[in-house]
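Peer 1: Starting off with a structure, shown below.
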Amino acid sequence: MAPRQGLCSLECKMKTLIFFGATGNLFTQKIFPALSSLFYHYEIRDLALIALGRRFSKEGDYRRFLQKIHQREEKELLERVFYLPGDLENPEIPSKLSQLINKTGKEEAIFYLSLPPSLYNSALKTIEKTLSLSSPSTKKVALEKPFGSSEKDFEELEKALKKIFREEEIFYVDHYLGKATVQNLIILKAENLFIEKLLSRSFVKEVRIAVSEKEGVGERKKFYEETGAIKDVFQNHLLQLLTLLAIDIPPLCEEDRKECQRFLENVGQAKSHLLTEIQLPPPEAIYLGQYQNYQEEVENPHSQIETLVYLPLYISSERWQGVPFRMLTGKRMAERESFLEVVFHSHFPEDNLLRIEIQPEERIDLLIRVKTPGMGLYSSPTRLNFTYSGSFGANTPEAYEKIIYDLLAGDRTLFPDSTFIRHAWQIVDRLVSIIHKEGIKPHLYPVDTLTPGDFWISPPQITISRKTSHDYRE
Ligand SMILES: NC(=O)c1ccc[n+]([C@@H]2O[C@H](COP(=O)([O-])OP(=O)(O)OC[C@H]3O[C@@H](n4cnc5c(N)ncnc54)[C@H](OP(=O)(O)O)[C@@H]3O)[C@@H](O)[C@H]2O)c1
């Protein structure tokens, strides 16, 4: 049974969550189930939801749609869902929305943009007009990545947000940070001094960070054609994981718990600073891929969008100088898996390795060598392991439960701040400029075949062309 912790114990205020895009995939598949869990298991009852979408014209139809998707009796929560139909460009939306906010109590209004990013500006204009008609005592806004598509683009988005909201009212969502194993990266280092000490160039040969996806672009064709793997995953999830692993946890964590706690609350600053120390590799080390059939799928026979990117990054600090951080993300790979691997210097290649897996299972493995049974003094590799489900049962909250819980509580620890996002875009802008300048084009790769392991030694020698379809392994 999940722990019960009503948010009222933190700050007892009626909260109205206003979801733009509440008929979409993200809201129906991830956010609504998370809200349901917070409502029923964590007893966070001081909530009302306003759902905006175009697909239904009647509230009853929308509620039935939600109920059908989740196939369970959620009467009490569904009664708190108010549906507002209409296109964002509809000039009547602000007055109708403000009336609904007034009806739900208007103590705190939290606007959540679960929309294609191209609609963020229209949504912000709608919010601005709504707030001029209804003034809740407190307000917040949460939005989903990608946050723009370059540093300049992000600055414009930030400017539009800051016309309405103060910095501390803006929550940029990277749901990866809601995963227990990702948060555990901080605890592992802060609370296990030996791990923090081992994570440096004296002991580490290389670090590997991979987010490999099995699915292709699916319905998100237009979005992906404007984005690609670098902007969709590398700019956010991969750089988040890298910084969480590589930041310095100060020595004060050894003795002064209070100071340490203060540092942990400001982990964001350390992560943003680390991004300024990142160095890109020479152009020949940057590898782009595009899965076979991608061009047909997106109906663009000339598309040069990368669906896979692999490159080593370096950190110029004393601690990490010379250690490659091998970064990989790709679509239509053999398996869906996300992990970090820290490979230690060893007499036996690959045998001393710390593997932190985020997907498919939240687990940690440490590969060490032990004595082989028998008379001789020989050794073999073995694995010490920990799984969240094995040690704590199946009750770890889903990423969006944690994200929405923290959003309601106003805890910003797990939300990237604007400095982090700006620095991450600076890295991506530099990378994209090298790719254009050097004319680096994606290699074609076969679907459902590649694994991250294919990249750690050297990028695969792909031999398939658009005309022939034989596997590069042949
Ligand atoms: N899906 C995921 O798992 C996931 C994960 C991480 C981040 N994200 C991000 O979350 C955001 C939403 O993704 P999604 O997968 O939910 O997209 P989606 O399934 O395409 O949903 C888009 C939503 O926007 C609404 N919409 C579109 N045009 C509109 C307009 N002109 N006026 C009013 N509403 C409009 C749609 O309403 P109707 O359908 O009713 O027309 C729908 O509710 C994106 O920024 C995405 O990058 C998604």
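Peer 1: Just checking, does the stretch 220-234 include any residue being within 16 Å of the ligand (Cβ to nearest atom) and among the polar types (S, T, N, Q)? Lay out the reasoning, then the answer.
Peer 2: Taking the stretch 220-234 first, the residues within 16 Å of the ligand (Cβ to nearest atom) are 220-234.
Still in the list and also among the polar types (S, T, N, Q): 227.
The answer is yes, given that some residue of the stretch 220-234 is within 16 Å of the ligand (Cβ to nearest atom) and among the polar types (S, T, N, Q).
Peer 1: Those residues that are closer than 30 Å to Ile278 by Cβ, of a type in the set (Val, Ile, Thr) and either in contact with a Pro (Cβ under 6 Å, 6 or more places away or on another chain) or modelled with pLDDT of 95 or more (or both), I need them from the stretch 369-421; list them, please.
Peer 2: Scanning the stretch 369-421 gives Ile403, Thr419, Ile421.
Peer 1: Let me ask you something else. Can you name the residue in the stretch 65-74 that is of a type outside the set (Lys, Arg) and open to solvent by 10 Å² or more (accessible area, probe 1.4 Å) and is also farthest from the ligand (Cβ to nearest atom) among such residues? Full working, then the answer.
Peer 2: Step one: filter the stretch 65-74 for residues of a type outside the set (Lys, Arg), giving 65-67, 69-71, 73-74.
Those still in the list that are open to solvent by 10 Å² or more (accessible area, probe 1.4 Å) too: 65, 67, 69-71, 73.
Details: Phe65: 10, Gln67: 17, Ile69: 13, His70: 16, Gln71: 20, Glu73: 24 Å.
It comes out as Glu73.
Peer 1: Next up: From the set of residues in the stretch 108-130 that are more than 12 Å from Leu157 (Cβ to Cβ) and touching a strand residue (DSSP E or B) at 6+ places or on another chain (Cβ under 7 Å), which is farthest from the ligand (Cβ to nearest atom)?
Peer 2: Glu108
Peer 1: Return the residue satisfying two criteria in turn: it lies in the stretch 285-340 and is within 17 Å of Lys221 (Cα to Cα) and among the hydroxyl-bearing types (Ser, Thr, Tyr), and of such residues it is surrounded by the fewest Cβ atoms within 10 Å (Cβ to Cβ).
Peer 2: Ser303
Peer 1: Then there is this: Among (1) more than 16 Å from the ligand (Cβ to nearest atom); (2) modelled with pLDDT of 95 or more; (3) open to solvent by 80 Å² or more (accessible area, probe 1.4 Å), there is one condition Phe194 misses while meeting the rest; what is its number?
Peer 2: Result: Phe194 fails condition (2) only.
Peer 1: Moving to a separate point now. Look at the stretch 35-64 and say how many of its residues are within 16 Å of the ligand (Cβ to nearest atom), buried (at least 16 other Cβ atoms within 10 Å of the Cβ) and part of a helix (DSSP H, G or I).
Peer 2: 3
Peer 1: Can you tell me which residue among Lys189, Lys179, Lys106 is open to solvent by less than 30 Å² (accessible area, probe 1.4 Å) and at pLDDT below 95?
Peer 2: Details: Lys179 fails: open to solvent by less than 30 Å² (accessible area, probe 1.4 Å); Lys106 fails: open to solvent by less than 30 Å² (accessible area, probe 1.4 Å).
Just one listed residue meets the conditions, Lys189.
Peer 1: Quick check on Phe27: is it touching a residue at least 60 places away in the same chain (Cβ under 8 Å), within 26 Å of Lys222 (Cα to Cα), within 16 Å of the ligand (Cβ to nearest atom) and part of a strand (DSSP E or B)? Can you show your working first?
Peer 2: Details: touching a residue at least 60 places away in the same chain (Cβ under 8 Å): yes; within 26 Å of Lys222 (Cα to Cα): yes; within 16 Å of the ligand (Cβ to nearest atom): yes; part of a strand (DSSP E or B): no.
For Phe27, the condition - touching a residue at least 60 places away in the same chain (Cβ under 8 Å), within 26 Å of Lys222 (Cα to Cα), within 16 Å of the ligand (Cβ to nearest atom) and part of a strand (DSSP E or B) - is not met.
Peer 1: Spot the failing condition for Glu79; the list is (1) more than 18 Å from Tyr400 (Cα to Cα); (2) open to solvent by 10 Å² or more (accessible area, probe 1.4 Å); (3) touching a residue at least 12 places away in the same chain (Cβ under 8 Å), and only one is missed.
Peer 2: Answer for Glu79: the failing condition is (3).
For every residue, the table says whether it meets (1) closer than 17 Å to Trp425 by Cα; (2) at pLDDT 95 or above; (3) out of contact with any strand residue (DSSP E or B) (no Cβ under 8 Å at 6 or more places or on another chain).
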| residue | (1), (2), (3) |
| --- | --- |
| Leu275 | yes, yes, yes |
| Ile286 | no, yes, no |
| Tyr291 | no, yes, no |
| Asn300 | no, yes, yes |
| Ile305 | no, yes, no |
| Trp320 | no, yes, no |
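Rundown of residues vs (1) at pLDDT below 95; (2) in a loop (DSSP other than H, G, I, E, B); (3) in contact with a His (Cβ under 6 Å, 6 or more places away or on another chain); (4) over 20 Å from Phe223 (Cα atoms), yes/no style:
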site: Leu115; (1), (2), (3), (4): yes, yes, no, no
site: Leu119; (1), (2), (3), (4): yes, no, no, no
site: Ala123; (1), (2), (3), (4): no, no, no, no
site: Lys129; (1), (2), (3), (4): no, no, no, yes
site: Lys140; (1), (2), (3), (4): no, no, no, yes
site: Ala160; (1), (2), (3), (4): no, no, no, yes
site: Ile164; (1), (2), (3), (4): no, yes, no, yes
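Peer 1: Continuing with the same structure: Pairs needed: first member in the stretch 55-66, closer than 15 Å to Arg80 by Cα and without any contact (Cβ under 8 Å) to a residue 24 or more places away in the chain; second member anywhere, within 12 Å of the ligand (Cβ to nearest atom) and open to solvent by less than 70 Å² (accessible area, probe 1.4 Å); C-beta distance under 8 Å; at least 6 residues apart or different chains.
Peer 2: Pairs that qualify, where the first residue is closer than 15 Å to Arg80 by Cα and without any contact (Cβ under 8 Å) to a residue 24 or more places away in the chain and the partner is within 12 Å of the ligand (Cβ to nearest atom) and open to solvent by less than 70 Å² (accessible area, probe 1.4 Å), are Arg63/Tyr83.
Peer 1: OK, next. Please enumerate the residues belonging to the stretch 252-262 that are touching a residue at least 24 places away in the same chain (Cβ under 8 Å) and open to solvent by 20 Å² or more (accessible area, probe 1.4 Å). I'd like the intermediate steps shown before the answer.
Peer 2: In the first step, residues of the stretch 252-262 are kept if they are touching a residue at least 24 places away in the same chain (Cβ under 8 Å); the result is 253-254, 260.
Passing the criteria: only Glu254.
Peer 1: Please indicate, with yes or no, whether at least one residue in the stretch 379-394 is part of a strand (DSSP E or B) and open to solvent by less than 30 Å² (accessible area, probe 1.4 Å). Even if it seems obvious, please write down each step before you answer.
Peer 2: Going residue by residue through the stretch 379-394, those that are part of a strand (DSSP E or B) are 379-387.
Right, trim to open to solvent by less than 30 Å² (accessible area, probe 1.4 Å) and you get 387.
Looking through the stretch 379-394, at least one residue is part of a strand (DSSP E or B) and open to solvent by less than 30 Å² (accessible area, probe 1.4 Å).
Peer 1: Yes or no: the stretch 363-371 includes at least one residue that is more than 30 Å from Glu219 (Cβ to Cβ), among the basic types (Lys, Arg), part of a strand (DSSP E or B) and open to solvent by 60 Å² or more (accessible area, probe 1.4 Å). Before the answer, list the steps.
Peer 2: Residues of the stretch 363-371 more than 30 Å from Glu219 (Cβ to Cβ): 363-371.
Right, trim to among the basic types (Lys, Arg) and you get 363, 369, 371.
Now restrict to residues that are part of a strand (DSSP E or B): 363, 369, 371.
In the following step, the residues that additionally are open to solvent by 60 Å² or more (accessible area, probe 1.4 Å) were identified as 369, 371.
Yes, the stretch 363-371 contains at least one residue that is more than 30 Å from Glu219 (Cβ to Cβ), among the basic types (Lys, Arg), part of a strand (DSSP E or B) and open to solvent by 60 Å² or more (accessible area, probe 1.4 Å).
Peer 1: Considering only residues of the stretch 131-151 that are in contact (Cβ under 8 Å) with a residue 60 or more places away in the chain and of a type in the set (D, E, K, R), which is farthest from the ligand (Cβ to nearest atom)?
Peer 2: Filtering the stretch 131-151 for residues that are in contact (Cβ under 8 Å) with a residue 60 or more places away in the chain and of a type in the set (D, E, K, R), the one farthest from the ligand (Cβ to nearest atom) comes out as Glu151.
The values are calculated or read from the model by the stated rules, or taken from the named source; none is laboratory data. Because the structure is predicted, anything quoted here is derived from the model rather than measured. Here Cβ is always computed from backbone atoms with ideal geometry, including for glycine, and neighbour counts include all displayed protein chains. Areas reflect the complete protein model, heavy atoms only, side chains present, ligands, DNA and RNA absent. Shrake-Rupley method; radii C 1.70, N 1.55, O 1.52, S 1.80 Å.
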